[in-house]
Amino acid sequence: MKSLRVSVAGIILKNPTILASGIIGETGRSLLSAIEAGAGAVVTKSIGLNVRKGNTNPTLVELPYGYLNAMGLPNPGIEAFGEEMSIAIRGGAPVIGSVFGQSAEDFALLCSRMQKYGASAVELNLSCPHASGYGMEIGVDPDNVSQIIRAVKRSVSIPVFAKLTPNTERIVEVGRAVQEAGGDGIVAINTLKAMAVSIEARKPILSNKIGGLSGPAVKPVGLRCVYELYEELDVPIIGAGGIETWRDALEYMMAGAVAVQIGSAVGKKGLKVFGEIGSGLARYLKSRGMEGLDELVGVAHA
């Protein structure tokens, strides 16, 4: 089998597939299960300073073309998450700690704790579209993003990735702010702001009314964002959004991603999706007589 190893900001992955944040990532055991199924790395549930219950039900709508969710960032809080991290890191694959906060100070404290827990990198959730005061609300302002990145970089020595929202016309500008502030990489994209209405109840289905759309429907948007970011930036990009097959993964890599995150496909196909994508990529490399995936990154720009 051809080598699927990739390097993302100095972190070596056995293959380019990464479990996305928010997908079976709240416990150490569930993160381990993704590693055992073949994921090259895993990202934890987004963790905040304190326990957060999230939004009331209904929080999830299954659609023919993906999922609509408004979970509201439920999590056990950073103090309680150390035990889960101690379990997850036993898997031998990089564990990336996802965090969310309201200020640069919040992010710096959370990332410092994630590093202490053994995280290989941190992912800053600057893009959740359904939690007031967090995520997208603070992640669309380049100046704000720059302050957060600088604070986090002062607090940790591990790579810092920023997960960006597609719900702005300034995504390249925000990406440039990440790079200029010293960020080590970008994850693109998080979910699209969206909603669903019940014609029987005559009201929005989600208790939060507005949620985030993920799955195959968002792949063209994710590809566009990765392509535009690659044109303007030098930091590595991790693609996310609607990736279900090895062909999807290759599209993202050709657009400029060095690795890809898998989220909704886990709900649809199960954990076997990591192995299926890896096997497909290996077959593609062999059929083309290529030695590694790095030969494909960004080729759609030629």
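The values are calculated or read from the model by the stated rules, or taken from the named source; none is laboratory data. Quantities reported herein were computed from a predicted structural model and do not represent experimental measurements. So basically every Cβ, Gly included, is an ideal-geometry build from the backbone, and we count neighbours across all protein chains shown.
When the residues of region 264-302 are filtered to those that are part of a loop (DSSP other than H, G, I, E, B) and more than 21 Å from residue 228 (Cβ to Cβ), the one that is modelled with the lowest pLDDT is 291. Taking the listed residues 127, 146, 112, 157, the one that is within 29 Å of residue 32 (Cβ to Cβ) and assigned to a helix (DSSP H, G or I) is 112, with no other qualifying. Screening 82, 101, 97 for residues that are of a type outside the set (Val, Ile, Thr), touching a residue at least 24 places away in the same chain (Cβ under 8 Å), out of contact with any Gly (no Cβ under 7 Å at 6 or more places or on another chain) and surrounded by 17 or more Cβ atoms within 10 Å (Cβ to Cβ) leaves exactly one candidate, 97. Can you find even one residue in region 129-147 that is closer than 19 Å to residue 174 by Cβ, in contact with a helix residue (DSSP H, G or I) (Cβ under 6 Å, 6 or more places away or on another chain), of a type in the set (A, V, I, L, M, F, W, C) and touching a residue at least 40 places away in the same chain (Cβ under 8 Å)? The answer is no, given that none of the residues of region 129-147 is closer than 19 Å to residue 174 by Cβ, in contact with a helix residue (DSSP H, G or I) (Cβ under 6 Å, 6 or more places away or on another chain), of a type in the set (A, V, I, L, M, F, W, C) and touching a residue at least 40 places away in the same chain (Cβ under 8 Å). Strands (runs of 3 or more DSSP E) fully within region 1-82 that include at least 2 residues being within 23 Å of residue 158 (Cα to Cα): 6-8, 11-13, 17-19, 41-43.
Tell me, please, whether a residue that is in contact with a Lys or Arg (Cβ under 8 Å, 6 or more places away or on another chain), buried (at least 19 other Cβ atoms within 10 Å of the Cβ) and of a type outside the set (Gly, Ala, Ser) can be found in region 42-58. No, region 42-58 has no match at all.
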